[in-house]
Structure formats: structure tokens, C-alpha cells
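Here is the structure we will look at.
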Amino acid sequence: MTSLELFRALIPAMASIPDATVMVYLELAASRHDASTLGAAYASMMVWWAAHTLARTPGLGGLTAQEAGPLVSQRDGDLQRQYAGPSPMATDVQAEMQSTTYGRQYLAALASRAAVSPRFVGWGTA
């Protein structure tokens, strides 16, 4: 399965975005990641990263409902919804990735055992 086919299978909400545009974002994702460090998670992570970036790009994703965190409460009278925000311990990059469903999928894959190489955060050794 090509990366474009995988994108189309996993991200049906973006069916209206032209293939050429999706490919630009998939290629950008691939240029920023190393397949050898992400192992089996690489292909899906490129899709999640590209979808997140597309969703956050004004005029392209247009998926404002995808930008909120998970729904934590809802009230029917005068419809009031509350969404979870990023973790208070999140870095700026993590907080930005948590702003879409696709970014949260990317972070989940990054944290999974499918991403084979150790990932260090900050200074020092593991």
C-alpha cells in the first residue's frame, strides 16, 4: 500500500484534499522522520503527522472540530461543551500535537513499542 493509499484509508475526512497536496505533506513528514528509528510505526506515523499538519493549515484542513481535545463534559440546555486541553506537563510541541485527533494518534504511536529506537527528552542519558 502506498503512503497516499494509507492516508486515504485512515483519513476519510480529508477526501476532498487533492492527492498532490496530500503528497506534499506526506513527503514533508518523511523528510522530518527516520524510518529506522520508528520501525513498524513509520508508515502510519507519517500519515498521522501529515493529517495533523493539514488540519492545522489554514485553508486546507478546515477541520475545526478536530482541533479540540477529547470531550469531557456536555450540557444540553444552551448547549455547553468542555474539551480537555493539553497535559500541563506537555511541551509546546506536544501541546500543539494534542490539538487534533491526528496529532494525538501520532503521539500514541510515538510512545508505543512499535517505535523501536529509544527517544531521549532533555539532557543527560537514559
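The values are calculated or read from the model by the stated rules, or taken from the named source; none is laboratory data. This one's a predicted model, so the numbers in the text were calculated from it and none came from an experiment. A quick note on method: Cβ atoms are made from the backbone with ideal geometry, for glycine too, and the neighbour counts reach across all protein chains shown.
Could you tell me whether segment 25-41 includes any residue that is more than 20 Å from residue 109 (Cα to Cα) and modelled with pLDDT of 95 or more? Within segment 25-41 (the criterion being more than 20 Å from residue 109 (Cα to Cα) and modelled with pLDDT of 95 or more), the answer is no, since none of the residues qualifies. Among the numbered conditions (1) in contact (Cβ under 8 Å) with a residue 24 or more places away in the chain; (2) on the phi > 0 side of the Ramachandran plot, the only one that residue 59 does not meet is (1). Take residue 16 and decide whether it is assigned to a loop (DSSP other than H, G, I, E, B) and loosely packed, with under 14 Cβ neighbours inside 10 Å. In short, yes. Does segment 96-103 contain at least one residue that is touching an Asp or Glu at 6+ places or on another chain (Cβ under 8 Å), buried (at least 18 other Cβ atoms within 10 Å of the Cβ), at pLDDT 60 or above and in a loop (DSSP other than H, G, I, E, B)? Taking every residue of segment 96-103 in turn, at least one turns out to be touching an Asp or Glu at 6+ places or on another chain (Cβ under 8 Å), buried (at least 18 other Cβ atoms within 10 Å of the Cβ), at pLDDT 60 or above and in a loop (DSSP other than H, G, I, E, B). Can you tell me how many residues within segment 1-12 are under 14 Å from the mean Cα position of the chain (by Cα) and surrounded by fewer than 18 Cβ atoms within 10 Å (Cβ to Cβ)? Residues in segment 1-12 being under 14 Å from the mean Cα position of the chain (by Cα) and surrounded by fewer than 18 Cβ atoms within 10 Å (Cβ to Cβ): 1 in total.
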